[in-house]
1. Return the residues of the stretch 85-99 that are within 12 Å of LEU6 (Cα to Cα) and not polar (S, T, N, Q); say none if nothing qualifies.
2. Restricting the first residue to the stretch 60-79 and requiring it to be more than 19 Å from PHE17 (Cβ to Cβ), which pairs with a second residue that is of a type in the set (A, V, I, L, M, F, W, C) and at pLDDT below 95 meet a Cβ separation below 6 Å and a spacing of at least six or different chains?
3. Out of all the residues in the stretch 38-87, which are basic (Lys, Arg) and open to solvent by 60 Å² or more (accessible area, probe 1.4 Å)?
4. Please determine whether any residue of the stretch 97-119 is in contact (Cβ under 8 Å) with a residue 24 or more places away in the chain, of a type in the set (D, E, K, R), surrounded by 13 or more Cβ atoms within 10 Å (Cβ to Cβ) and part of a loop (DSSP other than H, G, I, E, B).
5. Only one of these conditions is not met by THR29: (1) farther than 27 Å from MET1 by Cβ; (2) open to solvent by less than 50 Å² (accessible area, probe 1.4 Å); (3) of a type in the set (Val, Ile, Thr). Which number is it?
Amino acid sequence: MSRRLLDEGEVPVSFDFGSYRIDRDDKGTWAASGEYPATKDQPLSQDDFNRWADEWRYTSALSVEPDKGGRSPDQINVRFKSGKSVSLRIVQKEPDFQLARSDNSMRYHFGVEVGHRLLDPRAVAKK
């Protein structure tokens, strides 16, 4: 079982966090919409957004286990270049960050720092 959250061919082009979205258009330009907490003092560059999307593509979980289901108010819908979408449930943020994938019913465990980076492109931009 792979510890990677996204499979090799899964290239994310849209992240829907509920109250805000981050989308990439056909030209490869990223934009945030909705209630994304924009900061005037630190605008995000396209490189920042690309690094953030790569974080999603290449990050590996510390461990993976079958997900037993359950509800969570926090969900992320990710759409891929292929048109396929997947829902990820944020199971918990601390003491470790856990995401459950709806399509394979697996739960991925990450460190808290990785969780911050996955949820907020600005955390990647600060690196």
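1. VAL86, LEU88, LEU99
2. VAL64/MET1
3. First pass over the stretch 38-87, keeping only residues basic (Lys, Arg): 40, 51, 57, 68, 71, 79, 81, 84.
Hits for the stretch 38-87 are LYS40, ARG51, LYS68, ARG71, ARG79, LYS81, LYS84.
4. No, the stretch 97-119 contains no residue that is in contact (Cβ under 8 Å) with a residue 24 or more places away in the chain, of a type in the set (D, E, K, R), surrounded by 13 or more Cβ atoms within 10 Å (Cβ to Cβ) and part of a loop (DSSP other than H, G, I, E, B).
5. Every listed condition holds for THR29 apart from (2).
The values are calculated or read from the model by the stated rules, or taken from the named source; none is laboratory data. Because the structure is predicted, anything quoted here is derived from the model rather than measured. Please note: Cβ atoms are built from the backbone with ideal geometry, for glycine as well, and neighbour counts cover all protein chains shown. Protein only, heavy atoms only, side chains kept; ligands, DNA and RNA dropped before computing areas. Shrake-Rupley method; radii C 1.70, N 1.55, O 1.52, S 1.80 Å.
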